[in-house]
Amino acid sequence: MFDAEERMIICNRNYIDLFRLDAKVVKPGIRFFDILQHSVDVGVASQSAEELYAVRKPYIDGAAPSTYEETLADGRIIVISHRPLASGGWVSIYEDVTVQRRAEEELKEQHRRFDAALANMSQGLLMYDADGKMIVRNQRFLELYKVAAADFPYGTTHRDALERLLELGIYTKLDVDSEVAKTQTCLQAGKMHSTYRYLSDGRTFLVVRQPMGGGWVVTFDDVTEQRRAEERMTHLAHHDTLTNLPNRSMFREKLDQALGEAKAKPLAILSLDLDRFKAVNDTFGHPAGDWLLKCVAKRLLHAVRSSKDMVARFGGDEFAIIQFGIKSAADAEKLAKRIVEIVGKPYRDKGREMHVGVSLGIALYPGDGHDADTLLTNADMALYRGKSEGRNVYRFFEPGMDALMRERRALELDLEAALSKREFELDFQPILNIGSGEIVGAEALMRWRSPSRGLVSPENFIPAAEETGLIVQLGDWALRKACSVAAHWPPEMRMAVNVSAAQIKSGGFARSVISALAFSGLPANRLELEITETVMMDESDAVLKTLSQLRGLGVRIALDDFGTGYSSLGYLRRFPVDKIKIDRSFIRDLDRRDTAAIVRTVIGLGAELGITVTAEGVETEAQLDMLRKAGCGEAQGYLIGVPAKAADMSRLLRSQALLRQSG
């Protein structure tokens with residue numbers, strides 16, 4: 001309290017403490033200016049005494065009460081109120097509001113952040129209070145639903161909002177009473193509730209309600225693309241990407257479901273495999289093969305009762321059918337006959353005509369099995385029997401059919417064990433340079449001498465090795481063995497090794513070749529890799545890169561069985577080979593005019609392209625003479641030499657070298 005002469009009459013202890021003043025200095029009678037100077041001296045004031053006095057003087061002199069804020073040097077905020085006294089002078093009240101102001105600023109910042117969050121949310125948001133009335137609504141909600149703020153004013157209830165969305169045609173089907181009841185039940189239980197909303201424009205929203213302090217918050221998220229992606233992924237997981245038919249997984253799921261019903265009805269499982277499909281792939285290429293598979297899928301769908309039966313593709317040229325509700329085996333037989341007829345009709349595309357057949361194996365439920373595994377296995381066994389007896393046929397499962405399957409499985413098991421037991425050998429068939437009359441190399445031929453089976457024909461074990469994938473290991477072994485043998489031959493002799501498509505596609509083939517060469521010490525230019533047209537037909541970057549890498553090292557690439565596969569010669573332009581080997585089937589029929597013309601054409605093609613041409617299967621002097629006259633470079637066959645052991649082949653080559661030296 002100050003008098004009219006600006007001298008302090010009295011102050012309380014809080015005043016002294018608030019400004020951290022010295023009570024011995026600030027005593028009744030001290031002038032107001034001196035108090036300000038003292039506050040400057042003790043370091044509380046943020047300005048000089050003169051500046052502080054100039055600020056406060058107008059308030060003190062004013063006749064009306066006044067209030068203002070002042071920030072001290074230490075950052076505290078003081079609210080100062082002046083009240084004039086009737087006798088002159090005034091009363092000042094000082095209040096430290098630092099904590100309060102900071103709380104207010106923090107609240108403002110929180111509000112700012114909340115507003116920014118609401119404005120920048122990807123989801124729409126509504127907030128309802130304990131009375132069920134809308135108290136918050138962000139702009140994103142209006143944008144998502146393409147509505148105006150006037151359509152959803154504050155105070156709108158949950159029921160009002162749902163009914164309004166129906167009125168606007170945004171929702172087409174919605175039970176408002178049921179939705180309101182569900183929400184109340186979840187809120188009362190304190191649980192989050194989510195549901196998908198399907199809008200009339202085709203979009204899908206995920207709506208999530210979360211209890212909050214008596215009321216609740218609702219978020220709206222446009223998940224249209226996400227749901228479509230999920231549906232696509234689900235579809236892909238259960239369907240074949242090429243034909244769009246159900247895949248093995250979905251087929252099995254459907255079959256298990258049918259067999260699991262309390263009163264499962266009779267049904268038939270048909271296992272299908274296309275005949276001569278590989279020939280189509282080899283002749284016309286994989287794109288044509290894919291087109292054919294799609295055509296077959298359409299024909300199979302046409303053959304069955306689409307509303308009841310299921311057609312699936314298991315992979316490659318394998319299909320399967322569930323025929324539901326059959327009365328007898330005759331129903332399955334009727335369908336099988338229809339499929340054989342429909343699938344067997346010609347396929348025409350871009351002026352080309354393709355022919356395939358179909359073989360079927362049939363297993364009946366419940367007669368041939370009570371579970372999916374048994375039925376599928378028995379249908380496969382019936383199919384295997386049909387294919388072994390001929391093509392374009394159907395066979396019903398019969399007890400005892402598993403003998404063939406057991407025999408094949410036994411062969412595969414013996415084959416797997418044979419490599420580790422060192423039951424494989426290599427024979428070597430000489431290759432003749434027709435012009436010089438000298439042997440220039442040999443082809444390595446794999447042999448399996450089984451203790452229990454005897455000498456197993458490559459025609460029997462090579463397909464089994466390819467199907468089981470063992471061909472990659474066998475091929476690597478043959479490559480290493482052949483290189484080691486050739487390393488001891490005269491330096492100009494080449495070694496030819498057959499390579500399967502599976503080896504080249506295995507990913508590590510180039511490393512295997514380099515390793516075999518390094519281990520044996522055989523120069524790369526003395527190794528010749530024989531590949532089939534099927535490999536050349538595969539224009540994948542990986543295959544071409546592998547072959548180019550090996551050819552760059554000096555390894556020669558030979559095209560085996562030329563003329564029996566792909567009819568186009570386009571791959572010879574895309575990837576130049578070093579040698580073409582004319583298949584023995586052409587040499588056998590050299591006495592036929594048309595075959596001779598083809599052979600001469602191939603030899604001429606090789607000459608034009610600078611590619612060595614080797615004739616396989618030469619067995620007579622007449623054949624060799626004709627090939628010599630046609631300009632063929634090399635010959636191979638029983639006339640030249642039968643496949644021999646490594647030691648015999650080495651003696652032959654050494655004797656030839658000695659004769660050359662003596663001559």
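Summarising the label geometry, the points placed 7 Å from Cα in the beta-carbon direction at Glu353 and Tyr198 lie 4.9 nm from one another. Taking Tyr384, Tyr94 and ordering them by how much accessible surface each has at a 1.4 Å probe, largest first, produces Tyr384, Tyr94. In a DSSP loop and with at most 14 other Cβ atoms within 10 Å, there are no trypsin sites (Lys or Arg not before Pro) in the stretch 437-485.
Ellipticity at 222 nm from helices only: DSSP H runs of n ≥ 4 in the chain, each -39500 (n - 2.57), divided by the residue count, give -14500 deg cm²/dmol. Compared with the direct C-alpha span, the chain from Asn525 to Val97 gains 144.7 nm at full extension, assuming 0.36 nm per residue. Here Asn120 and Lys545 are evaluated by their C-beta separation; at R0 = 45 Å the FRET efficiency comes out at 0.40. Between Leu659 and Arg592, residue separation times 0.36 nm minus the direct Cα-Cα distance comes to 20.3 nm. Computed over protein heavy atoms with a 1.4 Å probe, the accessible surface of the stretch 315-435 works out to 48 Å² per residue. Per-residue 3J(HN,Hα) values for the stretch 585-591, derived from phi via the Karplus relation 6.51 cos²θ - 1.76 cosθ + 1.60 with θ = phi - 60°, read 5, 6, 5, 4, 9, 5, 6 Hz in sequence order (x marks Gly and Pro). Of the solvent-accessible surface of the stretch 153-235, computed with a 1.4 Å probe and all protein chains present, 52% belongs to carbon and sulfur. Bridgeable lysines around Lys27 (alpha carbons under 26 Å apart, same-chain partners fewer than 8 residues away excluded): Lys57. Could you please state, rounded to a whole Å, how far the C-alpha centre of the stretch 93-127 is from the C-alpha centre of the stretch 484-504? Using only Cα atoms to place each centre, the spacing works out to 81 Å.
Coupling constants for the stretch 492-503 follow from the phi torsions by the Karplus curve (6.51 cos²θ - 1.76 cosθ + 1.60, θ = phi - 60°), and in residue order they are 8, 7, 9, 10, 9, 10, 6, 10, 7, 4, 4, 5 Hz; glycine and proline get x. Each peptide in 316-326, 651-661 was scored by the mean count of other Cβ atoms within 10 Å over its residues; highest first, the order is 316-326, 651-661. Cβ-Cβ distance of Lys337 and Lys505, R₀ of 45 Å, FRET efficiency by 1/(1 + (r/R0)^6): the value works out to about 0.70. Straight-distance candidates among the lysines for linking to Lys481, with alpha-carbon spacing under 20 Å and chain neighbours fewer than 8 residues away dropped: Lys421, Lys645. Surface calculation, 1.4 Å probe, protein heavy atoms: Ser46 sits at approximately 70 Å² accessible. Just the number, please: carbon plus sulfur as a percent of the accessible area of the stretch 331-423, 1.4 Å probe, no ligands or DNA/RNA counted. The value for the stretch 331-423 is 49 percent carbon and sulfur by accessible area.
When the residues Lys173, Lys27, Lys421 are ordered by accessible surface, computed with a 1.4 Å probe over the protein chains alone, the sequence from largest down reads Lys173, Lys421, Lys27.
If a/c stays under 1.5 just call it rounded; otherwise compare a/b with b/c (prolate if a/b is bigger, oblate if not). Do that for the stretch 116-206, with a ≥ b ≥ c from the square roots of the Cα gyration tensor eigenvalues.
Values: a/c = 1.39, a/b = 1.09, b/c = 1.27.
Verdict is rounded for the stretch 116-206.
Once the C-beta distance of Lys308 and Ser585 is scaled by a Förster radius of 35 Å, the resulting FRET efficiency is 0.15 to the nearest 0.05. His239 sits with roughly 40 Å² accessible to a 1.4 Å probe, with DNA, RNA and ligands left out of the calculation. Simple rule: put +1 on each Lys or Arg Cβ and -1 on each Asp or Glu Cβ in the chain, find the dipole, and look at Ile321, Pro28, Tyr128; the Cα lying farthest toward the positive end is Ile321. Annotation: peptides 262-269, 376-383, ranked by per-residue average of other Cβ atoms within 10 Å with the highest first, follow the order 376-383, 262-269. Comparing Cα centroids, the stretch 220-267 and the stretch 565-636 end up 52 angstrom apart. For the stretch 356-364, the Karplus equation 6.51 cos²θ - 1.76 cosθ + 1.60, evaluated at θ = phi - 60°, returns couplings of 9, x, 8, 10, 10, x, 10, 10, 10 Hz by residue, with Gly and Pro reported as x. Listed by chain and number, the lysines whose alpha-carbon sits under 24 Å from that of Lys298, ignoring those within fewer than 8 places in the same chain, are Lys254, Lys278, Lys308, Lys334, Lys337, Lys345, Lys350, Lys387. Each peptide in 222-228, 359-365, 524-530 receives the mean, over its residues, of other Cβ atoms within 10 Å, and ordering these scores from highest gives 359-365, 524-530, 222-228.
The values are calculated or read from the model by the stated rules, or taken from the named source; none is laboratory data. These figures come from a predicted structure and were not determined experimentally. Glycine also receives a Cβ, built like all others from the backbone with ideal geometry; neighbour counts cover every protein chain displayed. Accessible surface areas use protein heavy atoms only, side chains included; no ligands, DNA or RNA. Shrake-Rupley method; radii C 1.70, N 1.55, O 1.52, S 1.80 Å.
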